[in-house]
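Notes for the one structure printed next.
The values are calculated or read from the model by the stated rules, or taken from the named source; none is laboratory data. These numbers were taken from a predicted model, which means no experiment stands behind them. Please note: Cβ atoms are built from the backbone with ideal geometry, for glycine as well, and neighbour counts cover all protein chains shown. All accessible areas refer to the heavy atoms of the entire protein, side chains included, with ligands and DNA or RNA removed. Shrake-Rupley method; radii C 1.70, N 1.55, O 1.52, S 1.80 Å.
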Amino acid sequence: MKKLKTIKQRAILGIFLLAAATLLTISGRALHSYEPLEPPQDAEYSLDILSFSDIVFTPPPEISRPFAPSRLDPLPEEYVQRLLNFDYLISRIFLVDPETILFYSDINVEEFLEADLSIDYNLDGPLVLIFHTHSTEMFSDSNPAYPMTGIMGAGQYLAEILYNNHGIKTLHYTGRFDVVDGHNQRQGSYERMEPVIRQILTDNPSIQVVIDLHRDGVGDHHPPFVTYINGTRTAQIMFFNGLSRRIRGGTPEAVPWLPNPYQTQNLNFSFRLQLAANQLYPDLTRRIYLRAFRYSLHMLPLSTLVEVGNQHNTLQDAKNAMHPLANVIAAVVA
């Protein structure tokens, strides 16, 4: 009898530990994307706006990939019907963090699919802005002393591919919002980011797409996020959205100090990018991650935060992912 009781206790402990590990794995995917849980106090930030990084327009050397189609094939009707099922959306398209909730009213699939997300290629100036709220995110073979060996190097590469392969003029900004006085400082990086990015958008009214490029963070023993495209090892990517809504005491509540007037357009942009990726490169993307706050997505309608691999991927994995990502972006905004 005593032995049976011990076995039951161990079984219960095992179930508890497994559940805790699962929760940590889910929440850990976005823990590095920090925003305050409470309204920020009034503060003044010393913003040292670093010089802009000019794009070096050279052909991407590693892999030659075909251009994305200018227009995607229509989705099969049976697939559209599945997308109209909310349970299908939250189990196959979106991954909702436990600290928030996605409402049925947040997603109008029919309107999303009919919306025109094309950009004007004829404007004089950059059409896309790429930046990194967290510039210090590195890969397994990165050298932290050289930022371009981390996520910033992947961003530079994406900018080059968008221009060379698709004619999309792209500005890659290399200011570092998570470095203060020469020291890594993750907290406050979103607050330091916003006035700088708003000034860039003011100075460059031609910009129609904003990409905040990140590298995901997982547990030490989690494998890299990897798929193979045309036989090439490639980091998986994940589109990320904030809902400006959190759960408190089991009840959803708005986050009024982090409003996002473009939340519906942001969700549609990620949704369409996800569907395009599923058509062109099955298994390239993980599910769209939805979390409580807004991050960097509230300054333009076509804004997205993209997670590239994790800290266990190599820089080459990440750079290889920039080819299909550029094709997906071009297919959606053409």
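Tell me the residue from D212, D178 that is within 24 Å of G309 (Cα to Cα) and out of contact with any helix residue (DSSP H, G or I) (no Cβ under 7 Å at 6 or more places or on another chain), please.
It is D212.
Restricting the search to the stretch 302-327, which residues are closer than 15 Å to V226 by Cα and assigned to a helix (DSSP H, G or I)?
Selection gives L315, Q316, D317, A318, K319, N320, A321, M322, H323, P324, L325.
How many residues are at pLDDT 95 or above and touching a Lys or Arg at 6+ places or on another chain (Cβ under 9 Å) when one looks only at the stretch 109-122?
So the count comes out to 4.
Can you tell which of P98, P76, P144 is open to solvent by 70 Å² or more (accessible area, probe 1.4 Å) and more than 28 Å from I197 (Cα to Cα)?
P98 is the lone residue from the list that is open to solvent by 70 Å² or more (accessible area, probe 1.4 Å) and more than 28 Å from I197 (Cα to Cα).
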